[in-house]
Structures are given as C-alpha cells and as structure tokens.
C-alpha cells in the first residue's frame, strides 16, 4: 500500500502535468494565489562600529531568527545546499517538474518516497505558512505558492528567506542563528564539516540536533559529505578530512555585550531592526570581564561602572553599567546614568575657570587653613591643614579649602553655567548652587563626568558624547581656554600613578563622595577619556572605599585594555605662561579671598630653605631658620611634626633623605610658612 507522502507526490506530479497541459488556467491559478507575509519577524540586532554583533534579541515567540542574505554566507555552503536540495534552483520557476515527476514515478514503483521533489522555493513556501509535508493538499499548496513567489521575488530574495527561516533545532532558525549557537561565529567562513552539518539539519532539525544527539548529527553530516563527493562539489580527500571533525555537543551563548546600553538603544528606537553603535566589541568584552573580576571576593552588593570614549570625536567606545547583568548587586541598574555625588572630581574644572579669570596660576600660593565661609566650614579629607601651598599642589593633593575659596571668588552660578556648557546636566538638591558644589554637593552621572573630562582633554572645547553611528554633533560650547585646560591636564598628569601605571602619560583625578558612597577615577590621555565608578547602587555607604584605592587602579587597567601604549598628551599652547611664583605678576603670587584681611606682617616666614631650593646636604641634618612669628615653633617635614616647642629661630631637622620634601613651620598663633625643596 502506498504511503500518504508517496500519494501526495504522485498527486502533485499529476496535478502539475495537468496544469502544464492547460497553461492559461495554470497562470490564472498562480496569479490568484494569496501570499503570506513575505517579511517574517527578525531578531533586533545591536552592532558594533565595525559591524560585529554585540547583542541580538529573540522574536516574539522566543526564536532566534537573524536577518541574512546570501552575500553573507560561505560559498561552499551555498554550493552544498543547492547540490543537495535543489540542483536546478537557478532555472526552474519555483517547482521543478523533472524532480517532481521523478519523485512521483519512484513513489509509484516503490510504494514510498525514495527522493523528495521539493525545491528550495517550495521549502520557503512551507516555512512561510508553517505547513506540513505529508498530505498531498499541502504539497499542492506549497507548489502553488512557490510558483507565485517566483513571479514576485528574485532568486536571491527567495534564497535569503530560506537562509533566514530554515529550522536548525530548538529555537534556532536560519543559518546565522545556527552558526552562532553551534560554532560561535558568523557564517561567512565555514569548514566543509560545518557546511555539511548545516545542510543536513533542516531535514530533521530535532532528531539531528548536535547538542541533543551528536551521533545522529554526525551521521547526517557524513551522508551530506558523501553526496557532495558524488556531485563534484568537494573531492574525496576533503570529505575524508571533514568526517574527522567532531560535531558541537553544546550550544554557545549568543553575544550579549553592553546589555544596559543596548536595552537603552532598543527602548529609544523600538522599530529599528539593526542598531549601529559606536562601541568597540573587543574592548567592551574586555572591560566587562575586568568589571566582573575586579570585585571578586568583595561584598555582593558592590557594583561598578566603566565608560570609555574617544575625546577627539566624542564616540563612546565601551559602556559597562554594572559588575554583571543580573539581580545580584542590582546589576540591572545602569550605573553609567545614575545620579551620584561626584566627590572631588569637579575640582579640575574649577581650577581651569580660575586660571581663565586671572584669579590664579598653577604657581600661585593659596591658603589651606580653617576658614568660615559664612557658616560653611569645610575641612580636608584627612582633617589636616597645610597653610600656604601652590595651586598646583592644592589640586594634586585635592585640598578642599583652596577650591572652596576659588568657587567663592568665581561664584557657584558661574561654575554651574560652565558645567552646562560642557554638556553636564547636574541636579542640585536644593535648586540653588552653593559653595558645596565644589566638593560634590550635587548629582551627576558617570556619562556626565566623562563628557566633562573629555572637554578638558580636547583643549577646553565641549565634547558631546554619542553612542549611535552617525549621531556625531559638533561641539557648541567651551569649558575653558586651551591654556587653562592644558594647565589642569599637566597638573593632573603629574600625580603619582598606582603601582605599575605609566607616569606622566595620563591626566587623572579621583574622588570619594560624602560617607564613602561613591569611589571615582576619571582620566584621559591624548586620545581617550575613561571613567570608573564603584559603590552600591542603593546609595548606602561602603566603609573604607576611597577613589584612590579602589577606582584608580581600575582606571589604569582600563587604559591598558584600550591599547598597549597611551596616546601622548598635547604640548602646551603658545599662550601658556610657564614661570615660577617669583616671576608671576604680584597680584598672582598669592590668592586672596574677597574681603579677607591682608597677610599678617608678623606671621612667620621661612628664611631658610627658600621655596624651590635644591640642597646638597647628603646625610647631614637639614638646617632651617624662621623670621618673625611668635615662639614656640613647631617644625614639620612632609606634613609630619618632627620638632615641637622650639623657641629659637634656628633648628636642625632630621635628614629626610634624597628627593622632594616639604618644610613647614607653625608659630604659637597657628600662623605658618612653608617651602618645597629637593635634597641630594
């Protein structure tokens, strides 16, 4: 007795023979065919700047169905596919009468299907309508639809539909989904063994799934290889070598890079199937690994974020929103966009504004002493005051009193205006800016800080940050002059880097918010700007968290992931004034607060050593002398007291050893004098 499939083939052969006799009737029958939707839903894809797949999303029914045309597929696979499934694909009109009649005759002789008669176009018709293959009515419908498709579409379009819809096991549809899941790569270059497996899978996708039954998959693949030798597509030696390749026994995960940013891109433009982003896929993967590894062994609630941009163009190159995209540690929260206190990270902007306004120069002396700013009494992070210090050192040491004094002179509203010019939309808790903004008393995001430092890195010109290809916007604002921006960068590049970091190649700054809630590190070289945040997304304190201890080492490790060597920082603009304090105009030698009393003429002054002196003392004690001031005197070396209760003007301090040293004297009234020297 003849099977249903064999009966269907025979009926189809007879129907087509009858249609060929009545040509006009066949044409009317085909033209009247109702077509299904010819553009099935495809996975939304996120692509990197070079076109690499960052992430894809399943279609509504949970299937992976990625867009593809034949131009993106290995030529050997296409040759195998047509040789195995449809040798006359290029010449038939959707149904191959020769194949159908041959299959029908064989079915009549043997009482069962010996060879199939479906063309690739008929298979596309079946896949579009999800119709079965057994009943003769289904075969007839597929043939009618195939003939109609050939009249409406090109061969390339039909082949692309097959490459997109072919079932590959489980929730995989199409060649790209299969190669990514089974081989972990795009289908542009395939081995003979890989190509043969992909040809074999659609015929029985569940029974031949390599991740479920690798032996069945291997047997089907090897049968295809044998047919390819008979067809002349490959030679026997190639087939023998391909049979030695193992089949994949597990599915690989689909790329899922930059989950926070890709979700954001999809939410902002939900109707677009392909989103081209400015990210570097390789760098993104490395930094996600860095974020996951950096916090291993620390409390699970702790998270981190990393952002990298090319400050020459404003293009975002990497965006890591958390230590891992999971519920643990609120990993679903994108901490590159969360409002947090910036701690000390806004200080470089304030110094740049002060340089521009003529309030200070890097060598200007500025007082670091306890000060009451109309009821606001800030203190330094370590609780100590250092007296008069050069502005350069005040920024490098991240002292609080000097920057608050400069903010008072500039006006907090002007600082806020500069932030807006730089593309930073800061949030003020009370709505009105006060002096506390210089110490982190406002809310900004990691994106904001990278944007701000990118503007400083590009000579004071604001850097609009963008992450979509083609969205580049020209900078419209200026943060500071080129000279002021360079001076700030030069000061920050002079900071001692974490162990192993290159000295003088990266301008960088750390910050720690009030209560140790946020640890920051932001830096730039001649091409890139990088920002790192560490903390808890819920804003609770992290005892012992300091920007310099936690975030700074990760900042330098992130730079190492960008390139083996950093891009050089720029040379100083011609207008930069490179002089000592003594060579400055008198008003710039010492910064005075508005309304501050003039310097006390009886305050102590260091007669020896002079500021900036180079002394050859070897292992001998360091002689010092103070003029004026009221005894007893306290002498400090590098901020630590070494002699107290001294009533004489001269003293010998223990030799601190070769290198740089700070000498400070404090009199009985708390007045001080200071000098920075170098000892050989």
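The values are calculated or read from the model by the stated rules, or taken from the named source; none is laboratory data. What you are looking at is a predicted structure, and each value in this text was computed from that prediction instead of being measured. Methodologically, a virtual Cβ is constructed for each residue, glycine included, from the backbone with ideal geometry; neighbour enumeration extends over all protein chains shown.
Some notes on this structure:
- Picking from residues in the stretch 538-554 that are surrounded by 20 or more Cβ atoms within 10 Å (Cβ to Cβ) and within 27 Å of residue 282 (Cβ to Cβ), the one that is nearest to the chain's Cα centre (by Cα) is 554.
- Hits in the stretch 357-386 - residues which are out of contact with any helix residue (DSSP H, G or I) (no Cβ under 7 Å at 6 or more places or on another chain), within 27 Å of residue 578 (Cα to Cα) and surrounded by fewer than 20 Cβ atoms within 10 Å (Cβ to Cβ): 358
- Tally, over the stretch 303-335, of residues that are over 19 Å from residue 55 (Cα atoms), touching a strand residue (DSSP E or B) at 6+ places or on another chain (Cβ under 7 Å) and not in a strand (DSSP E or B): 5
- Residues of the stretch 249-275 that are touching a helix residue (DSSP H, G or I) at 6+ places or on another chain (Cβ under 7 Å), assigned to a loop (DSSP other than H, G, I, E, B) and crowded, with 17+ Cβ neighbours inside 10 Å: 251, 254, 257, 258.
- In the set (1) surrounded by fewer than 23 Cβ atoms within 10 Å (Cβ to Cβ); (2) under 16 Å from residue 342 (Cβ atoms), the condition left unmet by residue 531 is number (1).
- Among residues of the stretch 486-498 being outside any helix (DSSP H, G or I) and in contact (Cβ under 8 Å) with a residue 12 or more places away in the chain, the one that is surrounded by the fewest Cβ atoms within 10 Å (Cβ to Cβ) is 494.
- The stretch 439-460 - residue that is in contact with a helix residue (DSSP H, G or I) (Cβ under 6 Å, 6 or more places away or on another chain) and over 24 Å from residue 401 (Cβ atoms) and, of those, surrounded by the fewest Cβ atoms within 10 Å (Cβ to Cβ): 459
- Scanning the stretch 631-654 for residues that are under 20 Å from residue 368 (Cα atoms) and at pLDDT 85 or above turns up 633, 634, 635.
- Any hit, the stretch 194-207, residues being touching a strand residue (DSSP E or B) at 6+ places or on another chain (Cβ under 9 Å) and surrounded by fewer than 16 Cβ atoms within 10 Å (Cβ to Cβ): yes
- Only one of the listed residues (394, 413, 370) is part of a helix (DSSP H, G or I) and at pLDDT below 95. That residue is 413.
- Meeting the requirement of 2 or more residues that are surrounded by fewer than 14 Cβ atoms within 10 Å (Cβ to Cβ), the strands (runs of 3 or more DSSP E) wholly within the stretch 619-677 are 622-627, 640-646, 650-653, 659-666.
- Residues in the stretch 164-193 that are in a helix (DSSP H, G or I) and crowded, with 24+ Cβ neighbours inside 10 Å: 175, 176, 177, 178, 179, 182.
- Flag if residue 600 is in contact (Cβ under 8 Å) with a residue 60 or more places away in the chain, surrounded by fewer than 20 Cβ atoms within 10 Å (Cβ to Cβ) and in contact with a helix residue (DSSP H, G or I) (Cβ under 7 Å, 6 or more places away or on another chain): no
- Any hit, the stretch 555-573, residues being in contact (Cβ under 8 Å) with a residue 60 or more places away in the chain and crowded, with 24+ Cβ neighbours inside 10 Å: yes
- Residues satisfying the stated conditions in the stretch 427-438, i.e. buried (at least 20 other Cβ atoms within 10 Å of the Cβ) and outside any helix (DSSP H, G or I): 433
- All of 3, 70, 43, 7 fail the test of being under 30 Å from residue 280 (Cα atoms), in contact with a helix residue (DSSP H, G or I) (Cβ under 9 Å, 6 or more places away or on another chain) and at pLDDT below 95, apart from 70.
- The number of residues in the stretch 559-577 being under 30 Å from residue 500 (Cβ atoms) and in a loop (DSSP other than H, G, I, E, B) comes to 10.
- Residue within the stretch 525-539 that is touching a residue at least 40 places away in the same chain (Cβ under 8 Å) and closer than 21 Å to residue 380 by Cβ present: no
- Residue count, the stretch 231-289 (criterion: under 30 Å from residue 208 (Cβ atoms) and in contact with a strand residue (DSSP E or B) (Cβ under 9 Å, 6 or more places away or on another chain)): 5
- Sole exception among (1) at negative phi; (2) surrounded by 11 or more Cβ atoms within 10 Å (Cβ to Cβ); (3) touching a strand residue (DSSP E or B) at 6+ places or on another chain (Cβ under 6 Å) for residue 614, by number: (2)
- When each of 233, 224, 229 is tested for being farther than 30 Å from residue 26 by Cβ, surrounded by 24 or more Cβ atoms within 10 Å (Cβ to Cβ), at pLDDT 95 or above and assigned by TED's automatic domain parsing to the domain that holds residue 96, the lone residue that passes is 224.
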